[in-house]
1. Report the extension gain between A:LYS724 and A:ALA853 in nm, rounded to one decimal, defined as 0.36 nm multiplied by the number of residues separating them, less their alpha carbon distance.
2. When the Kirkwood radius is taken over all Cα pairs of the range A:564-711, what Stokes-Einstein diffusion coefficient follows at 10 °C and 1.306 mPa s, in µm²/s?
3. Could you let me know the centre-to-centre spacing of the range A:28-100 and the range A:316-335, using Cα atoms, in angstrom?
4. To the nearest 0.05, what FRET efficiency results for A:LYS825 and A:ASN387 with a Förster distance of 35 Å applied to their C-beta separation?
5. Need the full-extension length gain, A:GLU425 to A:ALA106, defined as separation in residues times 0.36 nm minus the C-alpha distance. One decimal, nm.
6. Measuring from centroid to centroid over Cα atoms, what is the spacing of the range A:605-666 and the range A:402-438 in Å?
7. Which entries in A:LYS286/A:LYS318; A:LYS6/A:LYS548; A:LYS367/A:LYS478; A:LYS769/A:LYS827 show an alpha-carbon gap greater than 21 Å?
8. Search the structure for amide H atoms under 5 Å from the amide H of A:MET725, placed 1.01 Å from N in the peptide plane, and list their residues when 5 or more places away or on another chain.
Amino acid sequence: MEIPAKYDPSLTEDKWYKYWMDNGFFHSEPDNREPYTIVIPPPNVTGVLHMGHMLNNTIQDVLVRRARMQGKNACWVPGTDHASIATEAKVVAKLRDEGIDKNKLAREEFLEHAWEWKEKHGGIILEQLKKLGASCDWERTKFTMDEDMSKSVIKVFVDLYKKGLIYRGVRMVNWDPQAMTAVSDEEVNYKEVQSKLYYVRYQVEGEEEYVTIATTRPETILGDTAVCVHPEDERLKHLHGKKVIVPLVKRPVSIIQDDYVDREFGTGALKITPAHDINDYEIGDKHNLESIDIFNDDGTLNESAQLYIGEDRFKARKLIVKDLEGAGHIVKIEDYINKVGYSERTDAVIEPKLSMQWFLKMEDLTKPALENVMNDNVQFHPSKFKNTYKHWMENVKDWCVSRQLWWGHRIPAYYLPEGGYVVAETEEEAILLAKEKSGNQNITIADLRQDEDVLDTWFSSWLWPISVFDGINNPDNKDYNYYYPTNDLVTAPEILFFWVARMIIAGYEYKEEKPFRNVYLTGIVRDGLGRKMSKSLGNSPDPLELIKNYGADGVRVGMLLCSPAGGDLLFDIKENSKTGENTYPLSEQGRNFGNKIWNAFRLVKSWHVDGTIEQPESAKQAIEWFKHRLNSEIESINDLYEKFRLSDALMAVYKLFWDEFSSWYLELVKPAYQKPIDQASYEETLSFFDIMVKLLHPFMPFITEELWQLMENRKDGESLMIEKMPESEPYNDEIINAFESVKEIISGVRNIRNENNIAQKETLSLKIKGDYERKYDSIIIKMANLSDIRTIDTKIEGAVTFMVKSAEFYIELGDLVDVEEELKKLKEELEYNRGFLNSVMKKLSNERFVNNAPEKVVNVEKKKKEDAEAKIKVLEERIASLT
RNA sequence: GGGCGAUUAGCUCAGCUGGUUCAGAGCACCUGCCUUACAAGCAGGGGGUCACUAGUUCGAAUCUAGUAUCGCCCACCA
């Protein structure tokens, strides 16, 4: 069979993915094996795959595939998140394109559109993950608004309410007056803008004295309910206890004292508008101030403002400045640069607005979650994130869980006609509770008004590791008790608090157990300029296009090679100067590696076995060496996996295959062109190949499966992905080290060929002077293309040399040798060694070193001294012989 | 403004509790090769005062303090 010289991923990837699926290899059911579980960080249901997902899910797949091959019952639960804000925004935008205004729709109508959108776009991202090779248990695919998932969310809300941990309270939200909705902190962009700082004087009640305040928002004066000064500000102490008159509306308000005030800023007096500034609100709350909301939802002034009613807030600002000036209240106006929040979606200036929200008390809930991270019951990789986590957990604020949106889990609170509310899992229960609460036995569901808000998306995500196994509704079920706690969570550090911390909290609250043992935090995928890859910048390659061009294996390897835990992935893009097309050096490296493996296989496959020929000594020794080398590498790879150093683990396999296996081992056992190979060498090589392919499989699932299937006639239902991962066997470092010297000698000869323009084909003779055990002569002869190796003890003329350890190696070149050049080289080396010896001697003659350093260290220095002296002697002799 | 972390080759990073795996790897770069597995390759090579300054020590890339630059998270001063 003819195998092409270039590996074509498009011929294999879909084929094997289908094969794995058809055979149910991804699916897991509880059994008596040790479970290994990962729950996917659920991507936005209407999202499309980006480079961050690619990296994140590749890491998960590597972990899952390895665990599966280690004989564990591996289960990777996939799913999507309803992502209320993002999805609702997309649906609103889509409706707007169709000329439909969300605000004119009934809730139910809007939700119909939203579900339609979800059905159409939902799950695209999961299909894309299959292209990457993700070995998720697709039969377990979950969506955060599935019926049982939603039920869990509501149940938990009610439960926490009953525990007294959920309460209602007023809070400042970011109000977008254009979209007429609250937006989250993440959706507010702060920009520095050139604005004005207005100094306005307020008259002290009953006196001819004035207090001047500074503000950037003079229109909010209409909502002022106090003026605040620092209690220890001497300049203003005489005002304590007095009142001032708010200009224009002529409302008398108190002068209060609070050390929140910065004495250095402005005049040291601060106007307080509790309804329109978060800090003012907090001060107002502390001092029991009245709160006057002067704005309508669309940003125009309402009747409470008394003036400029119906005018837009910015128009009102101009008007009031004019009127204040007219009334002599403006002291001065300064240019001022401040930060203003803009809505990410509409670019409208955000208005802080007070509203009634639902909160979860966090203080007690965080305790076990903090403790179990600090004591490493839950381990972070890299561990530096423990600090950040601790800082957050110790300063945690109550969690505002309500959102003024429709897409999501509606808050199960029902308001009674006569006031008050009940919280219940179902409408039936709500009616019962309402009857009980009101004493009115005729209440029906029509009389109850359910809260309009939905829950924060994280309020469902934080249950994810529990709810995907239905652990809230059905805590005794088999899946939950088998798969939970999960093993590893792979996610981005940005959501350490939003998500990871809260999952840990929920885990201890609902199962009294951690949700996962390890948290692997990935970095951010950036472009060559270090910018985060994002849709808006347009600097991200299309992942599917990448997979098409380089193969999933190639893309996976490229990403993984340089993204240690917690480190960013710089995904460089280069433009091909000829075609103008973008190329991706990392993916190229991955693809090239695939091709290397492919061609190594082609070589092995091309061999003809002849059972009658004897095994060459060089092959025998190569096999022995590689066995030890392989086992030592497996050991360190396992160690790297343990430490979650996946990039290093991959690099180790990469080098093992490319440098050790291909460049040394295969070259050594490879028979001469069209000559057969002996039975033993062939079989050993195949078994090495088998082990290599297994080590590679978690990183490169497709090509390894393809090759494993081509190695022998496999039965239907056999697959590399369910084979046993090789384990490390004892090995001998001495053999490995001895072989390193062999490599050095061969390199030495090759180097001489290079420097003297001697073709590889030309056979040379090598002479050795000094202490060297000639165990591997046949290997050296083969690899360096030598006619023979001889030991000598006399000077040699017309030769070039190199040293390995303290032995000197000669290649006779006769007239070809440039004596001057050779002398120069030798003298340089001599110089270096003398300097080195000098530094060693300095150390050894330092009494304090000899007395204080451990004996081991001193002995090492003594050995250095001896070696250097021996080398110097050899070099001196050699130089003498040439001059 | 508060907190955390980083700074080692052109790029991405290893270097664990100070001492031969201490200056490393991969990529990129340079030189020579289309040598019948692979030019997506082979062989060889050049690159670093380990950000700076002081200190601790017999000995510092490694520990301490300060300086500079950068990054991230949190809070956002009227």
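The values are calculated or read from the model by the stated rules, or taken from the named source; none is laboratory data. The shown structure was predicted, so the numbers you read here are calculated from the model rather than taken from an experiment. As a convention, Cβ positions derive from the backbone with ideal geometry for all residues, glycine included, and neighbour counts pool all protein chains shown. These area figures cover heavy atoms from the full protein model, side chains too; ligands, DNA and RNA do not enter into them. Shrake-Rupley method; radii C 1.70, N 1.55, O 1.52, S 1.80 Å.
1. Contour length minus Cα-Cα distance gives 41.7 nm.
2. Result for D is 93 µm²/s.
3. 56
4. 0.10
5. 112.5 nm is the gain from fully extending A:GLU425 to A:ALA106.
6. Their Cα centres are 66 Å away from one another.
7. With Cα atoms farther than 21 Å apart: A:LYS286/A:LYS318; A:LYS367/A:LYS478.
8. A:GLN70, A:GLY71
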